[in-house]
Amino acid sequence: MSADITLFTTGRNEIAEKSGFIIDGPGEYEIKDIFIKGFFSVGPNKKINTIYLISFEGMNLCFLGALSDAALPDETLEAIEDVDILFIPIGNSDMLGPASAYKLAVSLEPSVIIPMYYTKETLGQFIKEGDEERVESLDKFVVKKKDLEDKECEIVVLKEE
């Protein structure tokens, strides 16, 4: 599989050289009408984690990566305040726990929340923090901006392949 753009939140790995345009840290980038801003944050073991805001086709996607501290700098919070789809880590022992992840997610008020780095147990805890009726489990998530207009903090769980 090849990608046009590859984002690394905590540094490159061995697949980096084979993966199209590489982004591996804070900064501003533009590739093929896709605008990406990377922001510094704290990851596992106090290492640098990059949060990415990806803007294209009228939508803003925020990928929190391996975030381990929910206290984000004001500059980052201001930049990601208009996020449509939020990818948030839950439950890995080095990252946000389910309760703090849920609290951060709803404070950002995205249309859709997509949890990542979870176990069955931590996903269950994350869902119980909110409204279990607002959860959808999908094999594939395809969306356009107009599809997000009536959604508010809906959780989409992507099934493993």
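The values are calculated or read from the model by the stated rules, or taken from the named source; none is laboratory data. As the structure is a computational prediction, the values presented were derived from the model and not from experiment. Here Cβ is always computed from backbone atoms with ideal geometry, including for glycine, and neighbour counts include all displayed protein chains.
Things worth noting here:
- Listed by first and then second residue, the pairs linking a residue in segment 86-100 that is under 10 Å from Ala66 (Cα atoms) to a residue that is β-branched (Val, Ile, Thr) and surrounded by fewer than 21 Cβ atoms within 10 Å (Cβ to Cβ), with Cβ atoms under 8 Å apart and 6 or more places separating them unless they lie on different chains, are Ile88/Ile114.
- Restricting segment 26-60 to residues that are outside any strand (DSSP E or B) and modelled with pLDDT of 85 or more, the residue that is surrounded by the most Cβ atoms within 10 Å (Cβ to Cβ): Pro26
- Positions within segment 71-96 being surrounded by 13 or more Cβ atoms within 10 Å (Cβ to Cβ) and hydroxyl-bearing (Ser, Thr, Tyr), in sequence order: Thr76
- Within segment 75-101, being closer than 24 Å to Phe141 by Cβ, touching a Pro at 6+ places or on another chain (Cβ under 8 Å) and either part of a helix (DSSP H, G or I) or of a type in the set (Asp, Glu) (or both) holds for Asp84, Ala101.
- Filtering segment 61-74 to residues that are in a loop (DSSP other than H, G, I, E, B) and out of contact with any strand residue (DSSP E or B) (no Cβ under 6 Å at 6 or more places or on another chain) leaves Ala70, Ala71, Leu72, Pro73.
- Within segment 126-141, at least one residue is within 15 Å of Phe87 (Cα to Cα), part of a loop (DSSP other than H, G, I, E, B) and not aromatic (Phe, Trp, Tyr).
- Condition check for Ala99: surrounded by fewer than 18 Cβ atoms within 10 Å (Cβ to Cβ), touching a helix residue (DSSP H, G or I) at 6+ places or on another chain (Cβ under 9 Å) and closer than 22 Å to Val135 by Cβ: yes
- Scanning segment 134-147 turns up at least one residue that is surrounded by 16 or more Cβ atoms within 10 Å (Cβ to Cβ), in contact (Cβ under 8 Å) with a residue 60 or more places away in the chain and within 17 Å of the chain's Cα centre (by Cα).
- Pair list, Cβ under 9 Å, 6 or more apart: segment 59-80 residue within 10 Å of Val42 (Cα to Cα) and among the hydrophobic types (A, V, I, L, M, F, W, C), other residue in a helix (DSSP H, G or I) and modelled with pLDDT under 90: Ala66/Pro44
- Annotation note: of Asp94, Asp150, Asp69, Asp82, the sole residue that is modelled with pLDDT under 90, under 15 Å from the mean Cα position of the chain (by Cα) and either of a type in the set (Asp, Glu) or more than 27 Å from Pro26 (Cα to Cα) (or both) is Asp69.
- If you filter segment 101-130 down to residues that are touching an Asp or Glu at 6+ places or on another chain (Cβ under 9 Å) and free of Cβ contacts under 8 Å to residues at least 40 places away in the same chain, you find that the one that is nearest to Ile36 (Cα to Cα) is Ala101.
- So Pro110, is it within 20 Å of Ile80 (Cα to Cα), assigned to a loop (DSSP other than H, G, I, E, B) and modelled with pLDDT of 90 or more: yes
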